[in-house]
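The values are calculated or read from the model by the stated rules, or taken from the named source; none is laboratory data. Given the structure is predicted, the values throughout are model-derived calculations rather than measurements. Virtual Cβ from ideal backbone geometry, glycine too; neighbours counted across all protein chains shown. The accessibility values were calculated without ligands, DNA or RNA, using every heavy atom of the protein model including side chains. Shrake-Rupley method; radii C 1.70, N 1.55, O 1.52, S 1.80 Å.
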Amino acid sequence: MLQSGKGCGVAAVLASLLVVAILVTYRPVADFGFVNFDDPGYVAANPHVQRGLDAEGIRWAFTSGRTANWIPVTWLSYQLDVELFGVDPGSHHAVNVALHVANALLLLALLLRLGCGAGVSFAVAALFALHPLRVESVAWISERKDVLCATFGLLAVHAWLGWTARGGLARYAAALLAFAVGLMAKQMIVTLPFVLLLLDYWPLARTRWSPPGAAPARPVPLGRLVLEKLPLLALSVLASLATLLAQRAGGAVADPAHLPLVTRLESALAAYGWYLVKSIWPSGLAALYPNPALVGAAIAAGEVALGAAVLLVVGAVAVHQARRRPWLLVGWAVFVGMLVPVVGLVQVGQQFAADRYAYLPSIGLAVVLVGALTEAARRLRVPRAAAAAAAAVLLLALGLAARRQLAYWSDSVTLARRALDVTERNFVMHFNLALALDEQGDATAALRHYEEAVRIRPDVAGLRVNLGAALARAGRVDEAVGQYRAAMQLAPDDPAAFNNLAWLRATHPAARHRDGDEAVALARETIRRSPTDPGALDVLAAALAEAGHYGAAQRAAVAALSSAKAARREDLAGAIRERLLLYRASRPYRESPAAPAPPAVADASPSGATAADDAADGAGDRNGASAVTRRSPAPPAGVPRPPAPPPAAAQ
């Protein structure tokens, strides 16, 4: 697989071709907007991001566990985008593409630096860059953490190579710093210390076990190879712990009682087979693949058997051929090893697998595939021009497939419908489609998808809250009340259902649905859980007014107004001012069927991803789809609309 380089000129031409190919493939994203799959929680409805880059925003970035992730560098990158371009989705998309371009170039330079020939290096980098599995990481604004983490991970490897070649504290510190920054973007690179050990075997050949002809005259002792990576490993451990704590606090980690170890092992084995199959034949790709075990289904025995066979057979061949074909062992080990944190051994979120999880691990598989094809072409004595032409056709086909996959990320409705077309029992995407249809004004279609989401997962309180809001808009108030009460039983510590039912009992235009005393009791329960939330205080004020306590209603409304201003929720502040005038005139607020409801308590809502995360992928990303389990309120009583803010976690 190793070839001699053909000079800087050839490398520059190949790098230019790579950049052009990526930009042509991803050009449409500049016209895409935000999608409701995690984007509101990350950027579109995140006040901490929308304020831009300032001291308070920086403090928040390093202390927040929003979206069940600890990703301060990613938050800072979003804030910088807003500082430079405003809350413009096209600019955010463009930055993602730029980072992907940088990653492809860093990979190309890394392969050349490791001694691979220009042709092989280009093939691996192009296969990585143009494969349809990359689309999710690049086209999804919420997955900025994926491409950003990869950038600093690759920079860390470059810095490490400089240290192994020339030594020096500054080079070692540079590698450590780049690695730390990458971990703070997303923890997907926690396995990097082990990848560096693999590179010590081949192609760096720093060990006495390195392949014949590559082993050094004075190999580095194994103990020293491990010792020099301990600081990196310490960072990995700390990042994994931070991730796990954030995910547990965000409700992203599945209860082991509901997902026993045997089931998780079966899921992990099936996931490996899935990643290999999708890498070879990338069809039926979607934003979320539900874990069958979490939606009342079983993982197919054939999928488990395929995954086990792939791991055993390819692994055995790689070990057997390690001396003759070291690229096979190293590439396969990188692919398998980097996926370990995200194959579901610790189940985070609703996903069985995710396209984004293959972003960095796919480099190892690309090395295996290109190495095998290169060797086959050599053995069959395929003319170099013919091999190059075949490679060009393959890369063109991948680019066209990626362009087609890209179109599904153009808007929320298209994204959700695509997922529902190619997956089963996908309650998260039913929910997201309902939100998107609601926003478009198609309440009837939205209600069907809310109902389907609840049918699939009747145990998720957040789904019932949003279904209740949709039913109240459709005039099916008694059914809405039933959904709210069921949500209260499922999640007694979640303020959403209490908040929405309090609003309904306080403001519904029909007297038979109002009950001031119950509204006050429910609103106080909401306040107990969210004592300073402006939406909760607003609901309390409306409830007090309905119960005839106008002085108390005024005081609650003033507190709500102050809190809304502090949170920069200007629309809510304006609505509270209008209601405050009614209370001062000793009049209660009545919601019109056509009027929008006040925002829910700001604790977030079930957006669906992500949290995927989707979430420290290093310890098991949710960055895509556990948000629904975070449960949070839909707008109280009337019009169900995309939750504000919806921290899904992706992650």
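Annotation: amide H of residue 352 within the under-5 Å range of 289, 291, sequence separation 5 or more or interchain, hydrogens built in the peptide plane.
Evaluate the relative contact order of segment 433-553 (contact order divided by residue number), counting alpha-carbon pairs under 8 angstrom at least 6 apart; express in whole percent.
16 percent
Spatially close Lys pairs in the chain, defined by Cα atoms under 30 Å apart and a spacing of eight or more places or different chains, total 5.
In nm², what is the average projected area of the convex hull enclosing the Cα atoms of segment 372-426?
For the Cα atoms of segment 372-426, the hull's average projected area reads 5.5 nm².
Applied to segment 463-480, the Karplus parametrisation 6.51 cos²θ - 1.76 cosθ + 1.60 on θ = phi - 60° returns per-residue 3J(HN,Hα) values of 5, 5, 4, 5, 4, x, 4, 5, 5, 5, 5, 7, x, 9, 5, 4, 5, 4 Hz, with x for Gly and Pro. On the beta carbon distance between residue 300 and residue 340, with R0 = 30 Å, the FRET formula returns roughly 0.85. In this structure segment 25-155 gives 26 Å² per residue of accessible area when probed at 1.4 Å with all protein chains present.
Per-residue Karplus couplings for segment 360-366, computed as 6.51 cos²θ - 1.76 cosθ + 1.60 with θ equal to phi - 60°, are listed in order as 7, x, 5, 4, x, 5, 5 Hz, Gly and Pro entered as x. State log₁₀ I(q)/I(0) for segment 488-546 at q = 0.12, 0.20 Å⁻¹ as given by the Debye formula over alpha-carbon point scatterers of equal weight, solvent excluded. For the requested q values the scattering log ratios are -0.23, -0.61. Think of a 1.4 Å ball rolled over the protein heavy atoms: segment 481-571 then has 41 Å² of accessible area per residue.
Per residue Cα convex hull volume for the chain, in cubic angstrom?
144 Å³
When the solvent-accessible area of the chain is split by element, carbon and sulfur atoms take up 63 percent of it, the probe being 1.4 Å. So if I take the alpha carbon set of segment 162-203, get Rg, then get Rh from the Kirkwood formula, what is the Rg over Rh ratio? Reported Rg/Rh (Cα atoms, Kirkwood Rh): 1.01. Could you give the Stokes-Einstein D for segment 316-390 in µm² per second, using the C-alpha Kirkwood radius, 4 °C, 1.567 mPa s? It diffuses with D of about 92 µm²/s by this estimate.
Using 0.36 nm per residue and subtracting the Cα-Cα separation, the extra length available between residue 565 and residue 85 on full extension is 170.4 nm. Using a cutoff of 8 angstrom between alpha carbon atoms and counting only pairs six or more residues apart, the relative contact order for segment 78-189 works out to 25 percent. Normalised by residue count, segment 299-354 yields a Cα convex hull volume of 80 Å³ per residue.
Annotation: Cα Rg of segment 61-167 relative to the compact-globule expectation 2.2 N^0.38 Å equals 1.21.
The ellipsoid that matches the Cα gyration tensor of segment 132-270 has semi-axes, each √(5λ) in whole angstrom, of 32, 19, 16, with the longest given first. With R₀ fixed at 56 Å, the C-beta to C-beta distance from residue 384 to residue 555 puts the FRET efficiency at about 0.10. With all protein chains kept in place, the per residue accessible area of segment 221-343 amounts to 46 square angstrom at a probe of 1.4 angstrom. By the Kirkwood approach, averaging reciprocal distances over each pair of separate Cα atoms, segment 248-350 gets a hydrodynamic radius of 14.9 Å. With the alpha-carbon atoms of segment 183-238 aligned to their principal axes, the span from lowest to highest coordinate is 39, 18, 11 Å, starting with the largest. If you stretched the chain out fully between residue 592 and residue 376, how much longer would it get, using 0.36 nm times the residue separation minus the C-alpha to C-alpha distance? In short, 70.6 nm is gained. Once the Cβ-Cβ distance of residue 410 and residue 114 is raised to the sixth power relative to R0 = 60 Å, the FRET efficiency obtained is 0.95.
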